[in-house]
Structures are given as C-alpha cells and as structure tokens.
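The structure appears below as structure tokens.
The values are calculated or read from the model by the stated rules, or taken from the named source; none is laboratory data. What you see is a predicted model; the values in this text were computed from it and never measured. Note that we place each Cβ from the backbone using ideal geometry, even for glycine, and neighbour counts take in every protein chain shown. The area values use the complete protein model at the heavy-atom level, side chains included, leaving out ligands, DNA and RNA. Shrake-Rupley method; radii C 1.70, N 1.55, O 1.52, S 1.80 Å.
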Amino acid sequence: MAADLLERDEFLLALNQSLLQATEEHGRIVLVSGDAGIGKTTLVERFVERFVERRPTSVRMLWGACEALFTPRPLGPLYDIAQQAQAPLRVTLEGTSNRATLFAAVLTELTQAPTILVVEDIHWADEATLDLIKYLARRIHQMPTLLILTYRDDDLSRDHPLRLVLGDLPARDVTRLRLRPLSEAAVEALAEQVDRPGADLYRATGGNPFFLTEALAWDSAGVPASISDAVLAQVSRRSPAAQRLLELVSIVPNKIEWWLVEAIGAEDGATLDECLDSGILHLDGEAVGFRHELARQAVESALSPARRRALHAAVVSALLEHGVEQASLARLAHHAAQAQDSALTLRFAPTAAKQASDRGAHREAAEQYRTALRFADNLELNQRAELLEGLAHECFLTGQMSGAIQAGEDALAIWQTLHIPLRVGHNLCWLSRIYWYVGRKAEADHYVDAAVGLLQTLPSDKELAWAYSYRAMFAMLAEEAADAQVWGSRALELAEQLGDDEIVIHALNTRGMARLQAGDKHGQDEVNQSLRLALEHGFEEHAGRAYSNLSSYFVRFRDYANAYDCTSAGTAYCVDRDLDIYTYQMISWRALAALEEGKWASASEDAATVLGAPRVPPINRIQALVTLSWIRVRRGDPDADVLLDEARDLALATGELQRIAPVMAARAEAAWLHGDRARCVAEARIGFDLARAHSNPWALGQLSFWLWRVAALTQPLSGAITPYALQITGDWRAAADAWEQIGCPYEQALALLDGDEPAQRVALTILERLGALPAAEIARRQLRARGARGLPRGPRPTTQANPRGLTPRQLEILLLLAEGLRNSEIADRLSTTPKTVDHHVSAVLAKLEARSRAEAVRLAYELGVLPHSATH
C-alpha cells in the first residue's frame, strides 16, 4: 500500500545516483538494511519499477534471494539469477565446474551489459554466496553493475559471518542505506485515512511499515499486540481450504512451486485466488509465496508439531516423486529432517554436505553433517565415523577448531574400536594438523609420531607418505632442519613410487624450506619447483602454501625486495581463489617487513587487516599481533601490553622459534624502553635459549642484542648475524652502516645511539621521523648528559592534507571518532565487529602519529583531513 513508500524519497534518490555511476563510470554496491518489515524489498521494487518505466531496455534486471532454510542451499540466489541470465552461466552452474570457474562465469555475465543485480536477505546467505559477494565486490570496477544487497540488521549478532563480509567491502564503492521506521506524523496521516487513532497505532507499531499495514487491516477493536496477532487474525478469517494452503506455503521458505502445491493436493485455483485477493500471498512466476517473511514465520510458528512434521513429509514425498535434482539436495535434506525421517535425512544430508563443500559453502556443509549425525544412532559405526570425518574437515575449513578436534577424536575412537589401522593412521595424521593450527604442538607431534609408527607396520601407501610429509613439515616449522630433510626425503621417495603428485608437491615444499633454514640456498629451487608443479596440476592450496613459505623465509632473513615480490604475486593468487588462510599469512609477513623498514603505517594497516579477518587460526594471529604490538611499543602507546600478552601465550604454545623469537624480542624491547633491566633479561632469555638450539642467525642475533643491551651478555655468540655482532663488539658505526644498507632505520638508530654526539643527533632525527617517542626520549637524555644544546622538542603536526594516505575506510572511521562514537557504536554503524574497528583505529593512530583517539581527531582537523564542519 502507499504507506510502504512514505518517507523514502531520499533512498530512491540515492539508488538512482548509484545506478547512474554504475552505468556511466564503474560498478557500485548499495546496502539496504533495516529491521524486519521496514520495507527493504518494497523500496527496491519501487526503484526498479520507476526505472523500467523511464528506460525499459537500457539496463537488465537480475534478481535472487536467500532462503531461510535451517541449512541454506549453496549459492541459492545464483540459481535464481541463472534462470534470468544468458545460457553460458546456466550451463556452468548446472555442471560440475569448480567454484573459481563458476565465479568467473558470473563475472563474465555481468560484464556483458549494464545490470541491476539484486540479492535479497543476505543475512540468510550461505558461505559460498557470501564468498561470491566478496568476489564481485573486489571486482566491481570491472563491470557496469549496480549490486543491491538487502539484509536485516536488527538481529545480526556481532560474530555473524555477514558482518565480516560487510566490513570487508571497498568503502569507496559502497552506499549504505539504513531504512528508518515511519515518523509519528506519517503514521497519523495514514490513520486518518481509515479513521483510526494515530497515536495508538504509532505506539503499537513503532512506525514499522509492515506491522502498520497489518494493523490498518485489523478489523477488531483496538490495535493488535504484535505482528503475529495481526497476521493470524487475517488467516483466521480465510476459508478452511485457504488456511490449509497458507499452512503448506508457510513451511517452504521464500516460495513454493505451484506444481508442488497441486502434487500435494493442497487446494485448487479458487483457494489460491482467495489468498491472493487477501494480500497474504503473491505470485512469482510459477511459484507462490507470502508477501512478507514475517507473515510466513507467524503462520509457521502457529503450527502444531504434528502438523508441521506432516506437511514437511508431504513436501519431501512430492519432491521425490517429481525427481531429485542436484540443486534440490539441501532442500530435500531440510524437509526430511523437519519431517523427522531418519532414512531420508541420512540419504540426502551427507550428499548435500558434499555438494556444499564443492561449492565452497563449508559452513553449510558442516551443518549438513551435523544434521545427518543427529539421525545416525542406528548407523553402522564405520558410516558414523565417515560422517564425523566429513564434519571434522568442514569445521577445520571454517575455523571451528574445537568442533574439528571433537569430531576428529570421535572418528578416531570409532576406527580404533573397529581395529582398522589404515583409517586410524589417516585420522591421527589429520588431527595432528588441526592441533598444530590451534598452537598445541605437543599434541600435534604426538599424533603424527603415532601415525608414522602405525602406518609403517602396514603395506606402504599414500597414507604413510602423507604421514612422512607431515612429520617433515612439523620438524621444518620447529626449525629442526636435519630432521625435516630426512622425513621430507622419505615422503618424496615414497610419493614418487606411488605416482602421487600432490604428496610430491607437499614434500618438495617442506624439504626445500628445511634446506633454506640450514643455509643451503638450493632449497629455494625445490620450493620453486613445488610451486610450479602446484600451479601446473591445479593444487591451489599447495601453491598458496609455497608462496607463503617463501614469503616467510624472505622476511625472516630480511630480503625485502624478494619478500615484496613474493607476497605481491602470492596474495594476488590467493585472493582470486579465496585462499584466505595463506593470504593472511602473507599479509602478516608483509606487515613485519614494513615494520622493520620503518613503514609503520603500512605495517599497522596490514596487521589490523589480519586481526580483523574472520576465522584466522591462532597460529596465524601471532605474527600480526606481534607486529601491531611492536609498533605500539615503539610509539609508546599505552595499550601494547594486552597484544603482547596474547602473542606470548599463543607463541609459547607452539614451541616454534619463528613464533617465539619475535614476540620475546618485542617484549624485551618494551622492558628496555621502560628501564626494566630484570624483565628485559627474563623476556629475551626465553627466546635466546631456544635460538641457541637452532641455526637461525637473525633470531639469535636479535635476542643476543637485547641481553647485551642490559649487560647480560658481553660477547656475540657464534652464528649471530653480522649487524648485531658488530654492535655487541663495539663497532657501532659499522653496525649502523649495515642496518642502513639492509633498510632497517630503527635498528640503525639504535646502533647510532652508541656513538658520538653527531651520531646520536642522527639517531634522534631518525627516531623522531619514525614516531618512536620512547627511544627518542632516551636519545635526548643521552645527548643532554653530553651537554648537547639546541635539541628539537619532538615531532610537530604538519599541515599537509591526508598525511601518509588514510584509506577510505580509515577516513570513515575517523569521521565517526569525531562524532564521539565508541568502537561498539562504530561497529554497529558499519556492520562490522568491534575488534575489527579496534584494529582500524590503531591503523588511524599509527598513520596520524597520534597517541589517543582525541589526539587523532584533533590532528585530523589541524591537518585538514577532516572538514571543520564535521562534529567536534
């Protein structure tokens, strides 16, 4: 009714402007959000109607919707869209193409012609659909498309996957429209048209357009207490046949095909006309659905358990008689489970899980396995174990590590009970990987050793080769280079005998990295060979691992030119394939490189990106945590300790030098800057003792340096890297020159601090340029002790516009800081998480060289980054 579009002109205007940009410049994204019943669909429908009236052939329409199934169908909206698109996309979707091919087909489709693409109700989207949205958003400039996404934000939890997707959208390309309830004046105007008391209506409905529409149709005295009351009152006035039809339609989210209604024998055309005339249902091509999801939910919630089960059973039976389609697997599993039909649930849920996994909807795949397991009490033990293995794998891929461990342990126990050693070995090996990712090294080592011991008693096959390769990987990660090469060679030899390319690739990668750790530069050839083979054979995960391992090596050994080349190529490859686990590993290493090169704003931004990302395993958080905390330590920020404590706890649990050394070096430096000699020794000693047992000269040199700084070490140890050794032996000038040549200004400044007055003045200049306030103050004290005069007071704000290049998202954050919003309020405004906002705020502070939020806002006004018209 007309009420639906009162007070919506500004939103229609914004949609028109976005469409103009999308068709004449480059693609745009519009987010339409608001409470349930606020009129999101109505707004978009009216916008499209008006556009079609004016320019009927210039832009095509594609429309898809997410369904409120308990476990959504993978890429559900894409099936809707494909029916409206050109044939190639339909063929690709109906085939067995992998997700990368399918996503590329969607992109190709959208580059063909100017398009309005609407995806409704993305708060119900499956994981693959959310990944598709991210994929398109990253490429929105390549297509003349207006991508309109609607979603409810009234019950969006802080850890809802959608929040993380919305927070990752490119801010410069997004228009956010949050629909507000109608004003009291608008409600009163509508009430007058039907001679109803406006004040009562406004108090009851809160200006919600859908509730208001239902309340205006209420023909009893007073006002309905809830939307449910209003809807059910309408239903009660329908004929018994119409009520039965409404009950059937209510158990099928989104819409139900009319052939399905007829197959069940629900009612005839006259009954449908009655429901359409009442406005409760509407036709959508050959399907029928409720005009609003809230109405469907109201009717469904009023069903008795027995009636609900009977209706679901009728639907699944009719679907089966009609013929099973691959696209219907999630739907069949949904109705079978709701009908409490164990046999059919176990028939469809595992297959639906595999389909979801193939489409990249791993969260939905895990839910399908959970659904199957609820009905698995009477299954054979081996079948139950296979379901548990599937659940463990999908939980791992979605970052549900505790669930992965529990399911994996349960599967292992079953195989042990059944005395099937090959499956026991497989699960031991798999669990070792999961335990490593959560930073539980002792369990990882125990399980992989058990797998090797067991599988060696059986005829050699690929499970043993994998166990060897995993054993090599854990040794390499622990920097036990000799062990890693032995196990890697065993894995490689067996894999080549078996002709298993995947294990060959994995083993080559591991052995090559171990050789590099031992100082054998030819190891890089093996890692490069692993990468080449992975690319040739399409093993995307192994290609990502090769890029990530090489990036880590280059950064840890301070070869920054190669590090940036590798992370650039690697992140581009992994982003295109949604290999987030390796993308974030490389971004973490890039952040550390930027920190060491004195590019603290870039380092802070990269670290914040990782820490704000969804489902980052603990093992991958460590590097980002230590980088961000190190920046805060060097800047003198007061909140560095919290990050350092988390980094220490995670790093120590791994037992790995590459995690522990930088954390303990950062903690030792923090203690030195605070003048706490005892704590500096204690922190450095933890990493130092571990570094002495390995062959990494950089880690040994760095931790030796901090012990020397507080007189706990007098001579460099054999194997310590040259710049540190030079400084420890007193040759500060050579050390400073070496650091300058490598490209590490902070370390260069610390070397110059040990020099004469001119050297210390240079050190002070470098430290002030970096924003290293605590170290700069130490330099001033040393210079004053020498009697130096004319020392600068410290860095002053410049008046340059947008210093150090704030990103669009950081400018957005800064504007909200200027409004005085807290992180939780900013998170709500931007549909992201408070933790993500915290990391963005840290990046803003780093770029503006501010020590507090208030100082950041003040500096932003002084620098002209924020206009003075913004709220102070």
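The figures follow:
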| quantity | calculated |
| --- | --- |
| Charge dipole (the chain, unit charges on Cβ, about Cα centre) - positive-most of ALA295, HIS537, ALA467 | ALA467 |
| Farthest positive-ward along the chain dipole, Cα basis, beta-carbon charges - from ASN562, PRO662, ALA36 | PRO662 |
| Amide H partners (placed H, <5 Å) of THR175, local residues excluded | ILE29, VAL30, LEU31 |
| Partner lysines for LYS847 [C-alpha distance under 23 Å; skip if fewer than 8 residues away on the same chain] | LYS599, LYS835 |
| Prolate/oblate/rounded label for the range 3-180 (Cα gyration tensor, a/c 1.5) | oblate |
| Size-normalised alpha-carbon gyration radius of the range 602-738, reference 2.2 N^0.38 Å | 1.05 |
| Computed over the range 279-320, Kirkwood Rh from alpha-carbon pairs, angstrom | 11.7 |
| Dimensionless Rg/Rh of the range 431-474 - Kirkwood Rh, Rg from C-alpha atoms | 0.99 |
| Average silhouette area of the range 320-374, convex hull of alpha-carbon atoms, in square nanometres | 3.4 |
| Cα gyration tensor shape of the range 122-221, rounded if a/c is under 1.5, else prolate or oblate by comparing a/b with b/c | prolate |
| Spatially proximal aspartates and glutamates relative to LYS441 (Cα-Cα < 15 Å; intrachain offsets below 8 disregarded) | ASP449, GLU479, GLU480, ASP649, GLU656 |
| The range 88-93 - phi-based ³J(HN,Hα) in whole Hz, Karplus 6.51/-1.76/1.60, Gly and Pro as x | x, 5, 4, 5, 5, 5 |
| Which of ALA215, VAL231, ASN620, positive extreme of dipole for the chain (C-beta unit charges) | ASN620 |
| Within the range 246-301, GluC sites (Glu not before Pro) in DSSP loop having at most 15 other beta-carbon neighbours inside 10 Å | GLU286 |
| Counting all C-alpha pairs of the range 534-661, share separated by more than 23 Å (%) | 28 |
| Kirkwood hydrodynamic radius over Cα pairs of the range 388-583, then Stokes diffusion coefficient at 37 °C and 0.692 mPa s, in µm²/s | 192 |
| Relative counts (whole %) of C-alpha pair distances in the chain, using bins that are 20 Å wide | 13, 39, 33, 13, 2, 0 |
| Sparsely packed chymotrypsin sites (Phe, Trp or Tyr not before Pro) within the range 52-150, loop by DSSP, other Cβ within 10 Å at most 11 | none |
| Student exercise, the range 411-568 dipole from Lys, Arg, Asp, Glu Cβ charges, in Debye to nearest 20 | 380 |
| Only Lys, Arg (+1) and Asp, Glu (-1) charged, at Cβ; the range 495-652 dipole about Cα centre in debye | 500 |
| Gyration tensor (alpha-carbon) shape descriptor, the range 661-753, a/c threshold 1.5 | oblate |
| Å² of accessible area per residue within the chain, as computed with a 1.4 Å probe and no ligands counted | 40 |
| Eligible lysines near LYS255 by straight Cα distance, threshold 27 Å, same-chain separation 8 or greater | LYS40, LYS134, LYS354 |
| Accessible area of the chain belonging to carbon and sulfur atoms, whole % at 1.4 Å probe | 49 |
| Label-point separation, MET61 to ALA185 (7 Å along Cα→Cβ), nm | 3.2 |
| Charge dipole magnitude, Cβ of K and R +1, D and E -1 - the range 320-374, Cα centre, debye nearest 20 | 200 |
| Solvent exposure ordering (accessible area, 1.4 Å, most first) of THR417, THR571 | THR417, THR571 |
| Length-normalised contact order for the range 388-583 - Cα pairs under 8 Å, 6+ apart - percent | 11 |
| Cα-based equivalent ellipsoid of the range 371-501: semi-axis lengths in Å, sorted from largest, via gyration tensor | 27, 18, 12 |
| GLU409 versus ARG237: modelled label distance in nm, points set 7 Å from Cα along the beta carbon direction | 5.9 |
| Sparsely packed GluC sites (Glu not before Pro) within the range 24-107, loop by DSSP, other Cβ within 10 Å at most 14 | GLU25 |
| Cα centroid separation, the range 566-607 to the range 467-531 (Å) | 24 |
| 5 angstrom amide H check on ASN254, placed H, neighbours 5+ away | ALA68 |
